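Visitor: Input: one structure, supplied below.
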Amino acid sequence: MITGWPHLANPADSVFFFILGISVTLLFLNTAFMIYFVIRYSRKRNPHPEDIKENLPIEITWTVIPTILVLLIFFAGWKGFVYMRTVPPDAMPVKVTARQWSWLFEYPNGKQDSVLRVPLHKPVKLLLTSADVLHSLYIPAYRIKEDCVPGMNTYLWFQPDTPGSYDLFCTEYCGVAHADMITKVEVMPREDFDAWYTEAAVAPERPVPPEKKAPRPDIEALLNVKGCLACHSTDGTPKIGPTFKGAYGRTVTVVTAGKERELVADDEYLKKSLLDPQADIVKGFPPIMPSQKGLLTDKELEDIIGYLKTLK
Ligand code: CUA
């Protein structure tokens, strides 16, 4: 939802309205001349057509005016481009990883989230990349959009000057759940942001309490940040992948190297499903899960499997 004019600093709108103004003016001028000529040079008034020789002043006018207009559009666009590509030096860097089908935001202190939280009045630099296919990050409220390309780093920046919650989504078709790659930019007052930023992070090396009493909210947050919940529900709802609910200990039919077989989803199977997901695909689901090898620590793997056991 767009509230107010959060993007006021961004010149995209002024360039848009400038070009729109030129277009509307030309539309009215052209239409008016057409109507005038239809009447003025109708057959009734001019029964005998005549040749018109060249008219130098008119030809110069219709060459020079459009050239000036096109140059003005170029300069307006160029100024906007330079503005958008010039990141203020005090911008807060946030690493953005796009992946099928969710967003991961990583802050300088290692904090991770699936929502982009930013403090008010602080420019933000987004360092974009993709873990798999092409995605594109789009924040309509700030008039910014850039591709996320695997193996490449791109960037964007914006200045959040109005508190609120704005849509952030993927605008490059990236597979079956492309439409689910939608999240929020939360523009928070400085104090709220600082409080959130300094509270215990859901970071990869986060210490987990030693007592094995499944720390559920933590693991849910971990599953969210790692992108698991984009495709797997924890409440039995069918999504792109099988639900986590009751996954542990269930007898499933899987497709292994093109052949169907049955197995019981035990620790070993769940671990394999995370690290080598293509090996045994649960029948009826597409073979699209990316391997989590190197993306999850051993501790996280253990925690997740431990948590799945509790989802009866
Ligand atoms: Cu990611 Cu569309």
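The values are calculated or read from the model by the stated rules, or taken from the named source; none is laboratory data. Here the structure is a predicted model, which is why all the values come from computation and not from measurement. Here the Cβ is made from the backbone with ideal geometry for all residues, glycine too, and neighbour counts use every protein chain on show. Heads up: the accessible areas ignore ligands, DNA and RNA and are worked out on the full protein's heavy atoms, side chains in. Shrake-Rupley method; radii C 1.70, N 1.55, O 1.52, S 1.80 Å.
Visitor: Count charges around C148 for me, please; just the other residues with Cβ under 12 Å from its Cβ, Lys/Arg as +1, Asp/Glu as -1. Mind showing how you got there, number by number?
Guide: Working: positive: K95, R99, K145; negative: D132, E146, D147, E172.
Net of charged neighbours comes to -1.
Visitor: So, one more: Could you work out what % of the accessible surface of the chain is carbon and sulfur, using a 1.4 angstrom probe and leaving DNA, RNA and ligands out of the count? Mind showing how you got there, number by number?
Guide: Details: 11900 of 18510 Å².
Carbon plus sulfur share of accessible area: 64 percent.
Visitor: Next question. P(r) of segment 229-301 in 10 Å steps, Cα pairs, percent per bin?
Guide: 19, 55, 25, 0
Visitor: Continuing with this model, one more query. Is there a pair in K95/K299; K79/K122; K125/K309; K259/K309 whose C-alpha atoms are over 29 Å apart, and which pairs would that be? Don't skip to the end; give the middle numbers.
Guide: On the way: K95/K299 23 Å; K79/K122 22 Å; K125/K309 40 Å; K259/K309 27 Å.
As for pairs spanning more than 29 Å Cα to Cα, those are K125/K309.
Visitor: Label K95 and E191 with points 7 Å out from Cα along Cα→Cβ: what is the distance between them in nm?
Guide: 3.2
Visitor: Can I ask one more? Under 8 Å for C-alpha pairs, at least 6 residues apart: give me the relative contact order for the chain, rounded to a whole percent.
Guide: Working: 475 pairs, mean separation 42.7, N = 312.
This gives 14 percent for the chain.
Visitor: Tell me what the chain gives for mean residue ellipticity at 222 nm when only DSSP H runs of n ≥ 4 count, each as -39,500 (n - 2.57), the sum divided by the residue total, rounded to 500 deg cm²/dmol. Each step should come with its number before you reach the end.
Guide: Working: 6 runs with 100 residues, N = 312.
The helix-only estimate for the chain comes to -10500 deg cm²/dmol at 222 nm.
Visitor: Between E302 and Y173, how many nm apart are label points set 7 Å from Cα along the C-beta direction?
Guide: Result for the modelled spin labels: 4.5 nm.
Visitor: Order the peptides 281-292, 217-228, 80-91 from the highest to the lowest mean number of other Cβ atoms within 10 Å of their residues.
Guide: Values: 281-292: 15.1, 217-228: 18.7, 80-91: 12.4.
Ranking, from highest mean packing down: 217-228, 281-292, 80-91.
Visitor: Can I ask one more? Could you list which residues have their amide H under 5 Å from that of E172, counting only those 5 or more apart in sequence or on another chain, with H placed in the peptide plane?
Guide: When sequence neighbours closer than 5 places are left aside, the close amide H contacts are S136.
Visitor: Once segment 1-104 is represented by equal point scatterers at the alpha-carbon sites, with solvent omitted, what log10 I(q)/I(0) does the Debye formula produce at q = 0.13, 0.18, 0.21, 0.24 Å⁻¹?
Guide: -0.79, -1.11, -1.23, -1.31
Visitor: Could you report segment 92-162's accessible area per residue, 1.4 Å probe, as an integer in Å²?
Guide: Working: 2430 Å² over 71 residues.
Per residue, segment 92-162 has 34 Å² of solvent-accessible surface.
Visitor: Please give the net charge around Y138, taking every other residue with its beta carbon less than 14 angstrom from that of Y138, where Lys and Arg add +1 and Asp and Glu add -1. Walk me through the numbers on the way to the answer.
Guide: Values: positive: R143, K145, K184; negative: E146, D147, D167, E172.
With Lys, Arg at +1 and Asp, Glu at -1, the neighbours total -1.
Visitor: What do you get for the angle between helix 298-310 and the principal long axis of the chain? Use alpha-carbon atoms, 0 to 90 degrees, nearest ten.
Guide: Tilt relative to the chain: about 80 degrees.
Visitor: Another one. When you count, for each residue, the other Cβ atoms within 10 Å and take the mean per peptide, how do 42-52, 258-268 rank with the highest first?
Guide: Working: 42-52: 7.1, 258-268: 11.5.
Final packing ranking: 258-268, 42-52.
Visitor: Note the direction-averaged projected area, equal to a quarter of the hull surface, for the Cα convex hull of segment 106-207, in nm².
Guide: On the way: hull surface 27.5 nm².
Here the figure is 6.9 nm², rounded to one decimal.
Visitor: Residues with beta-carbon under 13 Å from that of Y83, excluding Y83: net charge, scoring Lys, Arg +1 and Asp, Glu -1? Each step should come with its number before you reach the end.
Guide: Values: positive: K79, R85, R143; negative: D13.
Here the charged neighbours net out to +2.
Visitor: What is the calculated FRET efficiency for T256 to I182, with r their C-beta to C-beta distance and R₀ = 41 Å, to the nearest 0.05? Don't skip to the answer; put the middle values down first.
Guide: Numbers: r = 34 Å, r/R0 = 0.84.
Efficiency at R0 = 41 Å is approximately 0.75.
Visitor: Projected area of segment 47-166, taken from the Cα convex hull and averaged over every viewing direction, in nm²? Mind dumping the intermediate values first?
Guide: Numbers: hull surface 57.0 nm².
It is 14.3 nm².
Visitor: Any chance you could look up the accessible area of K293 with a 1.4 Å probe, heavy atoms only, rounded to 10 Å²?
Guide: 150
Visitor: What is the diffusion coefficient of the chain in µm²/s, taking the Kirkwood radius over Cα pairs and the Stokes-Einstein relation at 4 °C with a viscosity of 1.567 mPa s? Spell out each step's value before the answer.
Guide: Working: Rh = 23.8 Å.
Here the translational diffusion coefficient equals 54 µm²/s.
Visitor: Before anything else, pin down the relative contact order of segment 64-159: Cα pairs under 8 Å, at least 6 apart, normalised by residue count, whole percent. Present the calculation step by step, with values, prior to reporting the outcome.
Guide: Details: 157 pairs, mean separation 23.8, N = 96.
Reported as a whole number, the value is 25 percent.
Visitor: Name the residues of segment 64-88 whose amide N is less than 17 Å from a point 7 angstrom out from the Cα of T25 along the C-beta direction?
Guide: So the set is 64-77.
Visitor: May I pose another question? What is the distance in Å between the Cα centroid of segment 21-51 and that of segment 69-104?
Guide: What the calculation gives is 43 Å, centre to centre.
Visitor: Need the list of aspartates and glutamates near K312 for cross-linking: C-alpha distance under 13 angstrom, and skip anything on the same chain fewer than eight residues off.
Guide: D235
Visitor: So what's the angle, to the nearest 10 degrees on a 0 to 90 scale, between helix 56-85 and the longest Cα principal axis of the chain?
Guide: It is inclined by approximately 20 degrees.
Visitor: Take the alpha carbon atoms of segment 126-141, find their center, do the same for segment 223-259, and report the distance between the two centers in whole angstrom.
Guide: Rounded to whole Å, the Cα centres lie 26 Å apart.
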